[in-house]
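The block underneath contains the structure these notes are about, expressed in structure tokens.
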Amino acid sequence: MARFRSPGQLLRALIIVYTRFLQLQDFSVGVAFSADLQDMPTSLSVSPAWIIASPLVKFRCDQLALTEETIGALSSLATLEELSVRLPDKDSFPHIKTAVSPFSKVRVLDVVATSNVYVAFANAVGIFPCVREFMLRIEYNAPNTIPPHKLVNTITASLVPELVLEISVSAHDMEDALDTAALPIEILVFFRSAAFRPFLRFSRMYQFTFTLPWVYDVNDALLLDVTKAWPELSTFYLGTEAYCMWMPPPSCPTLRALPPFAVHCPSLSELGFQFDAMDVEGGKIPPTSELYGELRGTSSCSRSDLYWLQVAMSPIAYPAQVAGFINCVFPELTELKSNSFVDLGEVGATFEARWNEVSRILPVLRLVRDNERQRVQYDEVEGWPGDDAESAVSLEDTL
């Protein structure tokens, strides 16, 4: 990517491109990290005539907003397959409507815009017939008044469910690292299960991330439907950023939401959402507990290959019992992460300490399980070497 420190430097570079690179296939422009964005133009115009005449395959300009005319020229480019753009602050895109089939070959679409601007853009396009990877980064330096159900409906209506493999919808600023204290959120926006459900039509979903700064009001039933609708799922993150909020128990997911991901999503490697880990009856989770769902009563752990679990700010009461539960549901888990609980004061410090305890216990449980597996293998062949009482590794010895 070419990065520029001043408007003059950028303009000179564009002139060189227009005159010397008539067969350019990969165009990428950005702002140097040392540059003052206030000195850069509020929008960038890339010659529509040059775009239309070029064989561009990839186009990236996500730091400076493109003019509506530039967007219109890109929409008619039949060779374009990967597009990453920051949209101008417009409530309509009339130039797009001049294209016979806008963005007809784009497979990877990455858009930076407010929700209001994106809805106007998507309505002008109609449908992206070839998109397989869709990324939307919502800007919060301007009003976002589109309600969740309308934003989701707009996204899903503009994509072909049978083609899409990846959807990512997140909050964005220039550094890709939001200052959560500066988010201009004056009214809480609730993201409920009904608003999420249109996503379930995308049966080939492989990677899914949705982390807008909303209040997540979803339950175990929705997450069960997610696992059944997306059997090819590899990564799933919902509301895991620090600026995301969740409804408190009993209106949030519980431990019951975890086993379906092990049962119905065999390729899942990364998982993240907030859940209630407080509801452990009598401080115990026996193998027959209904928390295990379809894994209940099984004599061994699941076959899930999940290695990464993000628990956000999940409340937790019994770390040892929760660790045992997670170890059985996700036996290959190696990384467990939580967000900072600092804003919750003493209660948050307690939750954080308990999750740290879970992280400490999980490797021990995995060692015990591997030891027992090795013991069985030896017993089947020639017996365990040495004295069982001395060579065995037990949970009590290692905790």
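Just so you know, all these numbers are worked out from the coordinates, no wet-lab data involved. Predicted model, so just to flag it, every value in this text is computed and none were measured. Using ideal geometry, Cβ is built from the backbone for each residue, glycine included, and neighbour counts are taken over all protein chains shown.
The phi-based Karplus calculation (6.51 cos²θ - 1.76 cosθ + 1.60; θ = phi - 60°) puts the 3J(HN,Hα) values of the stretch 286-292 at x, x, 8, 4, 5, 4, 6 Hz, whole numbers, x for Gly and Pro.
Under a 5 Å amide H cut-off, with hydrogens placed 1.01 Å from N, residue 171 pairs with 138, 211 among residues at least 5 apart or on other chains. With a simple spin-label model that places each label point 7 Å from the Cα along the Cα-to-Cβ direction, the separation between residue 349 and residue 142 comes to 4.4 nm. Measuring r between the beta carbons of residue 149 and residue 107 and using R0 = 25 Å, the FRET efficiency lands at 0.35. The H on the amide N of residue 76, modeled in the peptide plane, is under 5 Å from the matching H of 103, each at least 5 residues off or on a different chain.
How much length, in nm to one decimal, is gained on full extension between residue 367 and residue 123, taken as 0.36 nm per residue of separation minus their Cα-Cα distance?
82.4 nm
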